[in-house]
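Here the structure is laid out as structure tokens; the discussion comes afterwards.
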Amino acid sequence: RDLKSLKEFRNAYHPFGTIESLKTDAAQLLLEHLTAGPWISNKAAFQKRLEEASHEIQQLLPQFRRLLRDLLETYDATEKQLIRSYAKPTQKKDYDFMKSHLERSLPQHFLKTLSYEHLTHSSRHLKALQKRMERHSYDPAKDQQKWNEIASYWQAYEAQNPKSLQLRWMLEEYQVSL
């Protein structure tokens, strides 16, 4: 019922999917988050988890809405900055690289591919990408050196048909640190 209020994100979520997919994916993500924990082996443990989830959901929904709003606004700002920062035809290679990184950070139907925990960090990763674009305008050679350092790791990760989400998030965090 409360997920109906996600309609306000219709335009902002458009690059990632439909409003219907947003509601469905959000419901699945929140359900997985609420039911995460040790294996339930008896009725008492099930009842306890159910009670905890019913209390937590009251706080989780408004938190999720704020998180989604911030993430979609940050994505929009990052995409606009990308277009401004790499507008020259000579920067097409840099633009393509940054665009692919942006798409990898927040792919189509990202609520299906990210855990709730990782979703809470995605806005920070996009802001780090914005900072990287800003630094590129000041010293492209130094920035290129840093990108080369992480690019080889990303290429190796993608070449192995990425299955390890843990490795992906380690790379994301390493990239933020650069």
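The values are calculated or read from the model by the stated rules, or taken from the named source; none is laboratory data. Just so it is clear, the structure is predicted and the values come from calculations on it, not from any experiment. Heads up, the Cβs are rebuilt from the backbone with ideal geometry, glycines too, and the neighbour counts pull from every protein chain shown. Ligands, DNA and RNA are stripped out before the accessible areas are found, and what is left, the full protein with its side chains, is counted by its heavy atoms. Shrake-Rupley method; radii C 1.70, N 1.55, O 1.52, S 1.80 Å.
Here's the list of aspartates and glutamates a cross-link from LYS48 could span, going by alpha-carbon distance under 14 Å and ignoring same-chain residues fewer than 8 apart: GLU56. Placing +1 on the Cβ of every Lys and Arg and -1 on the Cβ of every Asp and Glu, with nothing else charged, gives the stretch 66-111 a dipole about its Cα centre of roughly 140 debye.
As a fraction of the 1.4 Å probe accessible area of the stretch 75-171, surface on carbon and sulfur atoms comes out at 54 percent.
In order along the stretch 38-45, the phi-based Karplus estimate (6.51 cos²θ - 1.76 cosθ + 1.60, θ = phi - 60°) of 3J(HN,Hα) comes to x, 4, 8, 10, 8, 5, 5, 5 Hz; Gly and Pro are listed as x. When only the Cβ of Lys, Arg, Asp and Glu is charged (+1, +1, -1, -1), the dipole of the chain relative to its Cα centre reaches about 240 debye. Once you've got the Cα coordinates, tell me which of LYS99/LYS146; LYS7/LYS131; LYS88/LYS112; LYS99/LYS142; LYS7/LYS127; LYS112/LYS146 are over 23 Å apart. Among LYS99/LYS146; LYS7/LYS131; LYS88/LYS112; LYS99/LYS142; LYS7/LYS127; LYS112/LYS146, the Cα-Cα distance tops 23 Å for LYS7/LYS131; LYS88/LYS112; LYS7/LYS127; LYS112/LYS146. Surface analysis of the stretch 24-178 yields an accessible area of 62 Å² per residue, using protein heavy atoms and a 1.4 Å probe.
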